Amino acid sequence: MAVLSKIRQRSLLLIFVIGFCLLAFVVGDLINSGGFKQTSKYVGTINGEDISFEDFRAKVDAAEKGGQGITSIQAANQVWNQEVSIALLSEQFEKLGIRVGESHIFEILKQSQEIGQNPQFQNAAGQFDPQKFKEFFQSSPELAMQLVEREKQAELNAKFMIYNAMVKGGLVTTDQDGKFQYQAENDKVTFDYVAYPFSNVKDSDVPVSDDEIVAYMRKNEKKFKADETRELEYVVIEDKPSAADEKEVESNIQKLAPEFKNAANNQEFVDANSDIKYDSTYIAKKDLPAQFAEQLYNLPSGEVFGPYIFNGYYAISKSLGRQSGINAKASHILLAYKGAMRANPSVTRTKEEAQAKANELLAQVTANPGSFAMLASTNSDDSSSQQGGDLGVFSKGQMTPKFNDFVFGNPIGKIGLVETEFGYHIINVTDKQDGVRLATIAQRIEPSEATSNDIFTKATKFEMEAAEKDLKTVAKTMGLTVQPSANVKALDESFGMFQNQRAVVRWAYDKKTSEGDVKRFNVPNGNLIVKLKKINEEGLQPIATARLVVEPILKKEKKTEKIKAILKGATLEEAAKAAKVSVATATDLTLQNASLAGFGFEPKVVGVAFATPANKTTDVIEGNGGVYRIKTKSVAKAPALKDFTAYTSRLKGQNASAVGRIIPALKELATIKDNRLDFGF
């Protein structure tokens, strides 16, 4: 009672203390979860231009709805790339003072078939009428908003076309360029050389340290710039059936075989016992499971074959007889006429002319069936002409009725003329395929509940042990395989063999996840146990990644220094003697054909040969396959040309790809801040 009395006396203090503790708990949770974190309201910034989250989210939703099965992150990446491109290009449009008027915008709009070819927007002469188009969209506020968006897109496209033309206009190829190309292909040089291959110096003699890798990257930062990444190690523990599970399914199937053979209603029996419903269609031999096609196709009617494994099922099949000619193969020559269905606009012949031409060709192929493919390739009015008229294999009902009836109603080798809505067809029936009808009971081979429980226990145990010990050591102990490490970026959703694993990437980038943390994820084929091996901050590439590129370069430099000390001497003969190699001769090489026997393409060596006076011995030259010293013997200049147009035109064609490099170049120079991760993408 005394205690209760004291509690009553101090109830106000107690309420205050409890309230303070609750407040501290909530505030702490908010701080830890980022509730008070000042996050930007912008999903990103490109060169100081902000992208609002609301607009971005709306565009992502629209892209996801119209993207035919793309994932949310794929839609987000698609929209982000689009927004970055628009922002960078718009900045260039503004700098260059590119402006477009209403006429430009309507020129772009009417290129869309739904607008330019829409009778609703055409005048009496069948031409696109901008006024009719505007009146339609201004008939309601909702349509007016759509028009504003369409005009914005058209304005951007119109500006880009002008910008594109300006870029192309700036890529000038002169006659001097054509002349140089001609000389590169036709001027010839002959020289003696001494070559010492890089392979003669052991890699172990020229080690490359991590510090040297880093120093090289710092000198070439743009080439080795890296986004922030997470390196993941992972193990897959599949939820797959055990040998006992397989045996049980096989046993179940075997028990059904005698009853199945005597079943009066095959469909009813299959549907009651199979994981795949009864299929009454006839199947050609080529479409049966390859391993068992012979046995299934030749199975006597009423007999049962199996059990056999196919596509993860144990199955038994009962033959219900064969049918001839379920599929056919044919070739045709189509003579279309103006007005026939799907006739190419270039077809101008009348129906009567088409019929006369068809009769003429029919007479030719009847007299000489071997000429069918040739006549089809030169006369047929459809794409099958490229295959000599061959239409491949098709089943009953797949072709238009009259065509179908002719093919399936005539024997192999029959040639005839048929008229359909597409025109006149000269048809050659080239093959027929018989089929067999099977009633098949198929039961999926799946892990039992006991097997799945054992696998889950194993996965959980591995997850717990891997959090405390080395992942590879634990995997080896448990007989598991660690997959090759994968580097993922913040907005990735796939890595290694796994697609659509956004949850894994989000976990790896969660601020609560630290290096060494391990987590198990459910995947379609079982359990994925992932360890965050390393957090690679934005900056230079990880040394291990860069080493693949940088180490060969630095080794080559070090080998060159060693070889320099070997290739000593005032003459090639002295250098060859010092290096214990022979002097070789390269004859009539060009800048375009700069290959040395045994060493491959060596443009630098050949270039030096052209630039070196005759009979002068050069210092060492670092090539692609080794180190060289050369002595030019002669240079044969190509005959003079008055006109280099052919060479200039070829070089101009190479400039066409330059436009595709605009956006990557602008991105490289831009300052881009991507905040999408903060918004749950």
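The values are calculated or read from the model by the stated rules, or taken from the named source; none is laboratory data. Everything quoted here is computed from the prediction, not taken from an experiment. Please note: Cβ atoms are built from the backbone with ideal geometry, for glycine as well, and neighbour counts cover all protein chains shown. SASA here: full protein model, heavy atoms, side chains in, ligands and nucleic acids out. Shrake-Rupley method; radii C 1.70, N 1.55, O 1.52, S 1.80 Å.
Can you give the local net charge around Pro130? Use residues other than it whose beta-carbon is closer than 11 angstrom to its beta-carbon, Lys and Arg +1, Asp and Glu -1.
Surrounding charge for Pro130 is -1.
Go through Val418, Ser595, Thr671 and say which Cα lies farthest out towards the positive end of the charge dipole of the chain; charges sit on Cβ, +1 for Lys and Arg, -1 for Asp and Glu.
It is Ser595, whose Cα lies furthest towards the positive end.
Cut-off under 18 Å on the C-alpha distance; same-chain residues fewer than 8 positions from Lys556 excluded. Which lysines are left, in chain and number order?
Within reach: Lys202, Lys219, Lys564, Lys604.
Using a probe of 1.4 angstrom, how much of the accessible area of the chain is carbon and sulfur, in percent?
After summing per-atom areas, the C and S share lands at 51 percent.
State, in angstrom, two size descriptors of the stretch 531-642 derived from its alpha carbons: Rg to one decimal place and Dmax to the nearest whole number.
19.5, 69
Nearest 0.05, what FRET efficiency do Lys402 and Ala244 give at R0 = 56 Å with Cβ-Cβ as r?
E between Lys402 and Ala244, to the nearest 0.05, is 0.45.
Run the reach check for Lys179 against aspartates and glutamates, Cα to Cα strictly under 14 Å, same-chain hits fewer than 8 apart removed. What comes back?
Asp187, Asp643
Based solely on its DSSP helices, what 222 nm [θ] is calculated for the chain when runs of n ≥ 4 H residues each add -39,500 (n - 2.57) and the sum is averaged over all residues, nearest 500 deg cm²/dmol?
Helix contribution divided over all residues of the chain: -13500 deg cm²/dmol.
Using the alpha-carbon centroid of each, what span in Å lies between the stretch 117-173 and the stretch 287-358?
Spelled out, the Cα-based centre of one part sits 47 Å from the other.
With the cut-off at 18 Å, tell me which of the pairs Lys110/Lys134; Lys168/Lys223; Lys95/Lys222; Lys285/Lys432 have Cα atoms farther apart than that.
From the list (Lys110/Lys134; Lys168/Lys223; Lys95/Lys222; Lys285/Lys432), the Cα-Cα distance tops 18 Å for Lys168/Lys223; Lys95/Lys222.
Considering only the other residues whose Cβ falls under 13 Å of the Cβ of Leu669, what net charge follows from Lys and Arg at +1 and Asp and Glu at -1?
+3
In terms of Cα to Cα distance under 19 Å, which aspartates and glutamates are near enough to Lys41, apart from those fewer than 8 places away along the same chain?
In chain and number order, the partners are Glu49, Asp50, Glu54, Asp55, Asp61, Glu83, Asp674, Asp678.
Among [x] -0.54, -0.78, -1.33, -1.27; [y] -0.38, -0.53, -1.12, -1.25; [z] -0.28, -0.41, -1.14, -1.34, find the value of log10 I(q)/I(0) by the Debye sum over Cα atoms at q = 0.05, 0.06, 0.10, 0.11 Å⁻¹ that was calculated from the structure presented, and write down its label.
Given [x] -0.54, -0.78, -1.33, -1.27; [y] -0.38, -0.53, -1.12, -1.25; [z] -0.28, -0.41, -1.14, -1.34, the calculated one carries the label [x].
How large is the dipole of the stretch 47-127 about the Cα centre if only Lys and Arg carry +1 and Asp and Glu carry -1, each at its Cβ, rounded to the nearest 20 debye?
Rounded to the nearest 20 debye, it is 260 debye.
Determine the sum of side-chain charges near Ala508: Lys and Arg each +1, Asp and Glu each -1, restricted to other residues whose C-beta is under 12 angstrom from that of Ala508.
+2
Please tell me the relative contact order of the stretch 111-255 in percent, rounded to the nearest whole number, where contacts are Cα pairs under 8 Å and at least six residues apart.
RCO, the stretch 111-255: 6 percent.
Starting from a Cα-only point model with no solvent, please compute log10 I(q)/I(0) by Debye for the stretch 152-283 at q = 0.10, 0.15 1/Å.
Calculated log10 I(q)/I(0) at the listed q: -0.86, -1.15.
Heavy-atom accessible area per residue, the chain, 1.4 Å probe: how many Å²?
Here the residues of the chain average 58 Å² of exposed surface.
By accessible area of protein heavy atoms, probe 1.4 Å, what ranking do Arg661, Arg342, Arg676 get, highest first?
The ordering from most to least exposed comes out as Arg342, Arg661, Arg676.
How far apart, in nm, are the 7 Å Cα→Cβ label points at Lys286 and Lys534?
5.2
Let me cross-check Val100: its accessible surface, 1.4 Å probe, with only protein heavy atoms counted, in Å² to the nearest 10?
30
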